[in-house]
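First the structure, in the form of structure tokens, and then the observations on it.
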Amino acid sequence: MDRRVVICLLLGCSVCFYILTGCGLSAKEKKEVGTALVKSVFILPDTSLIPNDMFGEEVRYGRQLLLNTAYYIGPNGTKGHYLRNRMNCTNCHQDAGVKPYSFNLLSSHDNYPQYRAREGKILTLAERVNNCIMRPHNGKPLPLDSREMVAILSYLKWINSFAPKGGGFEGAKNMAIQFPAAAASPKRGKEVFTQLCASCHGNDGSGQLNSDGTGFIYPPLWGGQAYQPGSSMHRIIKMARWLKANMPYNKVTTGKPFLTDQQALDVAAFINDDDIHDRPNPKSFDYPDPVTKPIDYDRGPFADSFPSVQHKFGPYQPIIDYRKTMRLPVDY
Ligand code: HEC
Ligand code: HEC
């Protein structure tokens, strides 16, 4: 029987940690109902189950930090000035990191320490959190022993208690994308942006702050307040896989994409085209080892002979095929 169903039955449906349509069905019965049912199995930790002790207090604060990051540690933060923009973690890791297909953080506590290609070394989870503070938030790292870092780690540990060991649950990773034969087109992407994105993010991509200026109602996509070029969101495949499940905000429901793969790639190409849009810092020089560099990172040297412009905009399939033949890692 599916492990999730076992947990569900043990706990009873009313306190089930999972939104599990068809709770109590055997794995065989679930299969008979079809993939639509299996697709509706998502792990959503119930925050009313956060313990009422000191650890729970940190977990609650950690969750608030993900939801209202800039209020606490933004440019005018009440607990210190670490971020240089007013984005919140939840703008990308939606629902404080538990939304499926949205850079889901349920398994992060299990996943670290881990080799990271960007730095070319093993990072702890705290260092990984600081990476997002330094790149998407364009900021300076939180001290590892600060209450804020301890709270974020406590929250990540608590949500992790709901994740099956080894990950692999629905929405743990962002949605897959089929690569078209041609390169992604910033020109077509601009049309997608104007039609489907500008109404919220603004024609100039600068988003919209909330009334007291402590965070964004609609976060910025480029310009001085947006993520840095060194952020993974600046990579076109990485962004497109996230956009597919999550944008336009008002047109998607969890697990049901609105954009086609082509539109997602094109609009990601438009947003991330450095010839069209400025971002906070000069490009950071990451990924010291060309072999483990993701294929959609555009700055050489590369372990293959494809030009920088193809690494950035595609077509990606020839790069993937070549690297597979040469037994080089294919990461994106
Ligand atoms: C109805 C308003 C709305 C529309 C339309 C919309 N977005 Fe968003 N977008 C949001 C909101 C709200 C968030 C923050 C989500 C959160 O905090 O949970 C967001 C977040 C994002 C982010 C991640 C955070 C950042 O600023 O880097 C990207 C990238 C993004 N949107 C791109 C797009 C693209 C591309 C489109 C069009 C295809 C689009 N959005 C359409 C409201 C919208
Ligand atoms: C502009 C978008 C954006 C913002 C804002 C952002 N992140 Fe990230 N974060 C990413 C992307 C992209 C990744 C890489 C995910 C991947 O490779 O699949 C990532 C990865 C991570 C990871 C590693 C996940 C894992 O299991 O490997 C952690 C932890 C993390 N972010 C925490 C945070 C925290 C905490 C904040 C707020 C302080 C934050 N992030 C803000 C985009 C963002």
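Just a few scattered comments:
- Output for the stretch 122-171, where each listed residue is surrounded by fewer than 17 Cβ atoms within 10 Å (Cβ to Cβ), of a type in the set (Gly, Ala, Ser) and either within 12 Å of ligand 2 (Cβ to nearest atom) or modelled with pLDDT under 95 (or both): 166, 167, 168
- Among the residues listed as 266, 273, 261, 278, the single one being within 11 Å of ligand 1 (Cβ to nearest atom), on the phi < 0 side of the Ramachandran plot and acidic (Asp, Glu): 266
- Qualifying residue in the stretch 125-144 (condition: farther than 25 Å from residue 286 by Cα, within 16 Å of ligand 1 (Cβ to nearest atom) and either of a type outside the set (D, E, K, R) or not assigned by TED's automatic domain parsing to the domain that holds residue 293 (or both)): no
- Test: residue in the stretch 63-81 that is at pLDDT below 95 and more than 10 Å from ligand 2 (Cβ to nearest atom): no
- Residue 258 falls short on exactly one of the conditions (1) over 25 Å from residue 91 (Cβ atoms); (2) assigned to a loop (DSSP other than H, G, I, E, B); (3) among the aromatic types (Phe, Trp, Tyr), and that condition is (1).
- One residue stands out in the stretch 226-251 among those that are more than 9 Å from ligand 1 (Cβ to nearest atom) and part of a loop (DSSP other than H, G, I, E, B): the one that is surrounded by the most Cβ atoms within 10 Å (Cβ to Cβ), namely 230.
- Test: residue in the stretch 304-326 that is acidic (Asp, Glu) and either modelled with pLDDT under 95 or under 23 Å from residue 135 (Cβ atoms) (or both): no
- Among residues of the stretch 194-205 that are over 15 Å from residue 259 (Cβ atoms) and touching a residue at least 60 places away in the same chain (Cβ under 8 Å), those with a beta-carbon under 9 Å from a residue that is more than 9 Å from ligand 1 (Cβ to nearest atom) and among the small types (Gly, Ala, Ser) at least six positions away or on a different chain give the pairs 205/223.
The values are calculated or read from the model by the stated rules, or taken from the named source; none is laboratory data. Being a predicted model, the structure only gives us computed values, none of them experimental. When we count neighbours, we look across all protein chains shown, and the Cβ atoms used for this are built from the backbone with ideal geometry, even at glycine.
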